[in-house]
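Student: Here it is: the structure, laid out below.
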Amino acid sequence: MVFVLVVLSVYLGMNWYVLARLFRLFAIRQTFWLYLALVPLTLSFIVALALESRFGNQLTEIFHTLAMLWLGTCVLLIWILLAQQILSLVVPLPPRLWAISVCGLACGLALYAFSNARTITVRREQIPRLPLRVVHLSDIHLGSIAASTLADIIATTNGLKPDLILITGDLFDNANPSTRAMAVQLKALAAPVVFSSGNHEAYTGDDNVRQMLAATPIRWLRNETVEFSGIRIIGLDNSYGAELMQQVLGRTPPSSAVTILMNHQPIGFDLAARHGIGLMLSGHLHNGQIWPFNYVVGLFYPYLKGLHEHGSAFLNVSTGTGIWGPPMRLGSHSEIVVLEPKGLAKGPAVPGRE
């Protein structure tokens with residue numbers, strides 16, 4: 001309840017600022033109509049999440065999409081309106097012209113961000129000593145993406161002909177009937193799949209996650225190790241610190257095999273390197289998903305996206321294969337990462353996606 005109240009309070013302030021500024025620019029009196037819009041817009045975020053998580057039917061999906069589109073547009077309007085307040089001190093335009101310009105820019109950016117979120121790019125990286133081709137997926141968020149998007153992810157992944165697919169958390173957002181039906185599609189992945197959990201699996205519930213994975217051949221690693229074709233894979237549950245990693249790696253015997261550590265959040269890279277981890281895979285951050293949140297997230301996580309090196313160890317941080325919340329990406333992109341043996345010639349590009 002405390003968390004919900006905090007979220008509602010913050011979102012109330014966001015909506016109040018946007019509506020109050022727009023009403024002022026359009027010279028509309030801030031009386032009954034402002035509050036008539038303020039209450040449902042503020043409640044839409046929490047209500048949409050609750051309804052979609054519980055029911056997952058066509059009506060709740062439409063309402064969820066509209067509510068999340070407004071959330072993303074509201075964020076855009078906040079920084080556009082803040083910029084307008086500053087610019088208006090030196091550019092004396094009529095208020096109505098400012099209002100039209102602000103709304104036009106916000107709508108244009110929202111449309112671009114919506115389209116951009118549906119485009120999946122392929123990023124290729126070469127890793128020394130890696131003996132096979134690995135596709136790294138992360139943050140797919142079944143329950144927040146459309147079935148057609150999942151089909152696109154599966155087709156693109158299979159087209160890359162990986163030897164192994166690794167999914168570093170946030171595969172599921174909920175366990176409603178629609179999400180359960182989508183989970184069955186994961187059987188179409190053409191290579192062996194290993195999965196470690198993220199924070200959204202904790203929200204979904206362990207039993208629900210097990211039930212949805214039961215219809216697939218996906219192996220769920222929970223603070224354990226598995227051997228595959230000459231490599232060792234360690235999968236960690238989501239954690240907000242490095243204590244769990246320290247415990248699991250502390251009880252894992254050393255090995256000459258290349259070791260891949262799957263850790264949803266990009267934390268503990270130095271610790272992993274000291275324990276001889278050759279490659280650590282993470283996600284979680286979405287590269288902020290909507291600008292300027294990449295700068296905010298970067299204040300707390302030094303490894304925001306891409307491939308990083310520490311001695312002989314590597315860390316790959318996915319920007320996420322899907323999206324959560326607003327179906328938008330601005331200043332970021334959804335990606336599938338191909339990790340290949342160093343020196344291996346690049347495979348054919350996926351048309352229109354690389």
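Student: Can you tell which of 100, 86, 267 shows the greatest fluctuation in a Gaussian network model of the chain with Cα springs below 10 Å?
Tutor: 86
Student: Any idea what the relative contact order of the chain is, in percent, if you count C-alpha pairs under 8 Å spaced at least 6 apart? Let's see the in-between values first.
Tutor: Values: 652 pairs, mean separation 74.2, N = 354.
After rounding, I find 21 percent.
Student: Related question: Provide 329, 222 in ascending order of the number of other Cβ atoms located within 10 Å of each residue's Cβ, fewest first. Could you put the intermediate results ahead of the total?
Tutor: Working: 329 26, 222 13.
Least crowded to most crowded, the residues run 222, 329.
Student: Once you treat every alpha carbon in segment 32-89 as an equal point and sum by Debye, what is log10 I(q)/I(0) at q = 0.14, 0.20, 0.21, 0.22 Å⁻¹?
Tutor: -0.50, -0.79, -0.83, -0.87
Student: On a 0 to 90 degree scale, rounded to 10, what angle separates helix 147-159 from the longest Cα axis of the chain?
Tutor: 30 degrees
Student: Would you please calculate the Kirkwood hydrodynamic radius of segment 136-187 over all C-alpha pairs and express it in Å, rounded to one decimal? It would help to have the intermediate numbers written out before the result.
Tutor: On the way: mean 1/r = 0.0879 Å⁻¹.
The Cα-based Kirkwood calculation yields 11.4 Å.
Student: Considering the chain as a Gaussian network with a 10 Å cut-off on Cα pairs, which listed residue, 207, 139, 152, attains the greatest mean-square fluctuation?
Tutor: The residue with the greatest mean-square fluctuation here is 207.
Student: Compute the distribution of all C-alpha to C-alpha distances in segment 122-341, in bins of 5 Å from 0, and list the percent of pairs in each, rounded to whole numbers.
Tutor: Calculated over all Cα pairs of segment 122-341, the distribution is 1, 7, 16, 21, 22, 17, 11, 4, 1, 0 percent.
Student: Stokes-Einstein diffusion coefficient for segment 1-138 at 20 °C in a medium of 1.002 mPa s, Rh from the Kirkwood formula over Cα pairs: what value in µm²/s? Provide the component values of the computation, followed by the final result.
Tutor: Values: Rh = 17.9 Å.
After rounding, the answer is 119 µm²/s.
Student: Let me know the Rg and Dmax you get for segment 118-230 when you use only its Cα atoms, in Å.
Tutor: 13.9, 43
Quick note: the coordinates plus some simple rules give every number you see, no bench work behind them. Remember, it's a predicted structure, so these values are computed and weren't measured experimentally. Here Cβ is always computed from backbone atoms with ideal geometry, including for glycine, and neighbour counts include all displayed protein chains.
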